[in-house]
Amino acid sequence: MIDNSKNLVHTVSMNTQRVTVSLPNYVYEDLLALIPRGDISGFVSEATEEKLLEKKLEPKDPVKAFFDLRKVTPKLNDRQIMEAIRRGRA
């Protein structure tokens, strides 16, 4: 019987790309606090894969995307909107 687990690990490690990324300090501190040192790369890789899949599955219709975005953004009243516009013009 052949142990394929070693082949799988070897294959996976051969198909990787080393990258350098910048993270906000609070994200980095949370990462160090919550994820064991030896698991950080795998965690970041998995999180990136999940986010990329979400992006790939996003609706391509920009109007639908706009309305979907409105569902997850904070609701502002007229006064808050006008204040933001005035600040932008100053």
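Throughout, read-outs are computed from the coordinates displayed, never taken from laboratory work. Everything quoted here is computed from the prediction, not taken from an experiment.
Taking 0.36 nm per residue of separation and subtracting the Cα-Cα distance, full extension of the segment from A33 to F66 would add 8.3 nm. In order along the stretch 23-40, the phi-based Karplus estimate (6.51 cos²θ - 1.76 cosθ + 1.60, θ = phi - 60°) of 3J(HN,Hα) comes to 10, x, 3, 5, 5, 4, 5, 5, 4, 5, 6, 9, 10, x, 3, x, 10, 4 Hz; Gly and Pro are listed as x.
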